[in-house]
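Coordinate-derived values only; no laboratory data. Predicted model only: the values in this text are computed from it and were never measured. Neighbour counts run over all protein chains shown; Cβ positions are idealised from the backbone, glycine included.
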Amino acid sequence: MEKLLTSWSSTVKSLPESYVFPVDSRPGDTNVPFCDTIPVVDLENALARDRQHAVQLILKACQDYGLFQLINHGVDDNLLHDTMNVVQEFFGMPNEDKASVYSEDPTKKCRLYTSTYDYENEKVHLWRDNLRHHCYPINEFIHLWPKKPTRYRDVIGEYSLQVGNLSAKILDLMCDGLGLGPGYFGDGLTRIQLFSANHYPPCPSPNLALGLPKHCDANLITFLLQDEIYGLQVYRNGEWAGVQPLHNAFVVILGHQAQVISNGKLISPEHRAITNSTNHRTSIVYSINPKPDSVIEPAKVLINKSNHARYRAYMFKEFLKTYEEKKNYNEGALEDFKIV
């Protein structure tokens, strides 16, 4: 557990060499402007006006940006507060209280680790600690979750239920917008649901290190809850722009699988997490993924004589193998699956 940033980062004055990114991928000046055009979807108001209005707002955001901020989404405000607090409390506990879930085995269904799943072999380490566990169905996995803080399982269990329900609602609206049948994203395409909490301690050299590098998500869709500390950036029009934290909002981010199923109509955006030198930052990810043996392909209803399939069919596990082996986490991850 001595590798965890929370074990030693507060004692160093300079960034260890193993955390210094190559010149061409360093963040440099992290003080970039916020992107004030990222769509903010007020779900309650949009649905109250007209379901199709909500559908079109979400579809346009997914086409133009691949992400949007979601407010008035129905997940209880007090639950969001409790979730962030209990996660921050977890990372603040002494190592002995976290030892039961610390593991360097990437196959564990509940695991606390630092940087990435491949710490020993990676060329440069990420400035983050991560707690990740399966959370659907809850009764299959909750016994593996941290026992401390004592309210962790109750709070995160309820959070997982509510965000899981919200994800189904958003995916149904996306189905409507794409012209897919009801429940198209159900069952196998959304079976693997993961809770992932990132903890980014203050970093002595934010211009040299990254919490997460430039990447697109490999999954179907992500619901990201930020604390009040800024750190998420999106790559748009050839430059980085900040995603401003909004109180009790989710940042909804499309993954590669949504791009493929929509035959490129929707996009998976490149984004990263920067660090700062003064504040701890916490972000909470709820990740929706297909089962490994799910077949991913452009939806047949979107394919016709004038709109040919842009991607071949593949099993999700094949994509993950390519994604990890080639270390190509950006748009290039789809190159092997494109139909030329």
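Sorting the segments 299-308, 192-201, 143-152 by their mean number of nearby beta carbons within 10 angstrom, highest to lowest, gives 192-201, 143-152, 299-308.
Scaled against the 2.2 N^0.38 Å expected of a compact globular protein of N residues, the Cα radius of gyration of the chain reads 0.97.
In region 101-202, the inverse of the mean reciprocal separation of distinct Cα atoms equals 15.6 Å; this is its Kirkwood hydrodynamic radius.
Measuring between alpha carbons in the structure, the pairs from LYS109/LYS317; LYS148/LYS317; LYS60/LYS123; LYS98/LYS317 lying more than 28 angstrom apart are LYS148/LYS317; LYS60/LYS123; LYS98/LYS317. With K and R counted +1 and D and E -1, the other residues having a Cβ less than 12 Å from that of THR275 yield a net charge of +4. Take every Cα pair under 8 Å whose residues are at least 6 apart in sequence, average their separation, divide by the length of the chain, and the relative contact order is 21 percent. For every other residue with a beta carbon closer than 15 angstrom to the beta carbon of LYS3, add +1 if it is Lys or Arg and -1 if Asp or Glu, then tell me the sum. Value of the local net charge: -4. For the residue pairs LYS305/LYS338; LYS3/LYS291; LYS147/LYS214; LYS13/LYS326, alpha carbon separations beyond 25 Å are given by LYS3/LYS291; LYS147/LYS214; LYS13/LYS326. Among 39-46, 229-236, 181-188, sorting by the average number of other beta carbon atoms lying within 10 angstrom of each residue, highest first, gives 229-236, 39-46, 181-188. Between the alpha-carbon centres of region 261-321 and region 76-128 there is a gap of 24 Å. For the chain, the mean residue ellipticity at 222 nm estimated from helices alone is -8000 deg cm²/dmol, where every DSSP H run of n ≥ 4 contributes -39500 (n - 2.57) and the total is divided by all residues, rounded to the nearest 500. Positive end of the dipole of the chain (Cβ unit charges, origin at the Cα centre): among LEU80, TYR311, PRO292, the Cα lying farthest that way belongs to TYR311. Which net charge results for the neighbourhood of TYR230, defined as the other residues with beta-carbon distances under 15 angstrom from its beta-carbon, given Lys and Arg at +1 and Asp and Glu at -1? So the environment of TYR230 carries a net charge of -2.
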